[in-house]
Each structure stands twice: as structure tokens, then as C-alpha cells.
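The values are calculated or read from the model by the stated rules, or taken from the named source; none is laboratory data. Computed from a prediction, not measured in an experiment: that's the story for all the values here. Glycine gets a Cβ as well: all are built from the backbone with ideal geometry, and neighbour counts include every protein chain shown.
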Amino acid sequence: MGKEVDRLIGIVARLRGPGGCPWDREQTHKSLLSCLLDETYEFFEAVEENDDRTMREELGDLLLQVVLHAHIAGEEGKYTIEDVAAGISEKLIRRHPHVFGTTEVASTAEVLHNWEEIKKEEKKHHRQSLVDDIPEAMPALFRAEKIQRRVARVGFDWTDVRPVLDKVIEEFNEFKEALARGNHEHAEEELGDIMFALVNVARHHRICAEDALRATTRKFARRFRYIEDRFKKEGKDISKATLQEMDNYWEEGKKVVG
């Protein structure tokens, strides 16, 4: 471990030790999960904003989470940060035989195929299905894409994107029919089918659906903030504004803030 990493490990040990911080000493793997998620999403945002200073800071926050979890495990006699580092090092070497071994590859596709075959062999006693180890807690669009990519590696995939686009239209029509009948349970199912099909279309065009939706949501928030600012400058209460007034500022905001 490097000097500063060792220093961080020592700080965490003191925080968790006798006379340390009451909050830190109370934490468990489970109680820290929300912190890990928060820090991960904050790093996401820093990357999307291309903010190097914040990326560095958020990576530090993520490293703290790793060290905390490893320290808690060490207190319980299960594993240490050294075990964690050794485990990922061994995995990287094992899964890159074209770098650390004698395997030859000619493309990224071959690298990914070999990676999946090695991973399948590693998990053969734990994974009954290709999709078993894809966490349900993942963001839904990410999980849909990962499942689609996983099964595509064994050939279960559309060879042409055009039928997938037709599938989107088909699912959308079924969604409209379910809404017209007032069958909201079926409509929810059909909405899920639409989104899954759209993820498939995006994947075939090398578009990350999660990134696309996040960008659109960010754009919406930016434009809505513009509307709020316009009403504030005029000393008006936005909650008393008409939809037409808000829409006028929305169109204006599209030109000003993008």
C-alpha cells in the first residue's frame, strides 16, 4: 500500500477504535450502503460534468467506503483490505490471459468473449444461469442493458435492429390499448416492455439508455430552473402561474440554457 493509503487505513482504524468517533463505530456493512450509493452517484455527476477536481474528491469518498467496509470485515475476522486488493489483482490477471499469459486475441470482441468464458468457469458452482449474478438492486435501465448484453454473448440477440424498432411500436400500441381499457396493471407491464425494447434499440446503436435518460432529465431540470428564476425576477409566485406562462418561459429557456 502507498503511504497515503496506509495513512487513510490508520485514520479509519482510529475512528473505529476505542475513543474514536461514535458515529463511525456504530456503522455496519448494511448501514453504510446508502453512503456508498450517494458517493457513487456523486462521482457519476462529476464525470458527466468533466470536473476533475470533484472527481478526485469523490474517488476519495469512494475509497473511504472501501476501506471502511474492509475494516469492519477485519474486525469480524473475515477479511482485510490486503485480501481485497489481492483478490482483485488475481482476478485481473486471471481474466487477462492475453496480457499476462499466452492467449492471443485479435479484437475487443474476443477479449469480451474470453472474459465471459473465464467468469463462467469461475462461477460455475454458484451461477445456474447467465443472468444470476446481475443484481436486482441496479438501476433498472442499466440492469436491462446488462442482461441483454450478457445473453447476446451466447447468440440470443436480434441480428437486425429494424425488428426491434417494430417491437417498440408494437409494445406502445399495446400500452395505449391497456390504458384505454383502464387496465393499469397491464399498462404498467406494457410500459416496462416498451422501455426494455427501447434499451435494446439503444444498445444496438451503442447508446447507453441510462446515460441518455439521465442527460434528458438533467436538461429538463436546467430548463425548469430557468422558469423558476424568471418568475423570481418578476416577483411572481410560480405556483400561481398559468401553464401557458410557464410554457412561454420554457420555450425561452430552450434558447438560453439549452
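Considering (1) at pLDDT below 95; (2) in the same structural domain as Val12 (by TED's automatic domain parsing); (3) surrounded by 14 or more Cβ atoms within 10 Å (Cβ to Cβ), the lone condition that Val105 does not fulfil carries the number (2). Any residue in segment 16-29 that is at pLDDT 95 or above and under 21 Å from the mean Cα position of the chain (by Cα)? Scanning segment 16-29, I find at least one residue that is at pLDDT 95 or above and under 21 Å from the mean Cα position of the chain (by Cα), so the answer is yes.
Among the candidates Leu92, Leu62, the residue that is within 23 Å of Thr28 (Cα to Cα), part of a helix (DSSP H, G or I) and not charged (D, E, K, R) is uniquely Leu62. Within segment 1-36, track down each residue that is in contact (Cβ under 8 Å) with a residue 12 or more places away in the chain, of a type outside the set (S, T, N, Q) and assigned to a loop (DSSP other than H, G, I, E, B). Within segment 1-36, Met1, His29, Leu32 meet the criteria. In the set (1) surrounded by 12 or more Cβ atoms within 10 Å (Cβ to Cβ); (2) closer than 28 Å to Leu213 by Cα; (3) at pLDDT 95 or above; (4) of a type in the set (D, E, K, R), the condition left unmet by Asp52 is number (1). Under the condition of being under 15 Å from the mean Cα position of the chain (by Cα) and either part of a loop (DSSP other than H, G, I, E, B) or over 23 Å from Glu82 (Cα atoms) (or both), the residues counted in segment 38-59 number 9. Of the residues Arg218, Arg203, which is surrounded by 14 or more Cβ atoms within 10 Å (Cβ to Cβ), within 24 Å of the chain's Cα centre (by Cα) and either within 24 Å of Ala109 (Cβ to Cβ) or modelled with pLDDT under 95 (or both)? Matching residue, one of Arg218, Arg203: Arg203.
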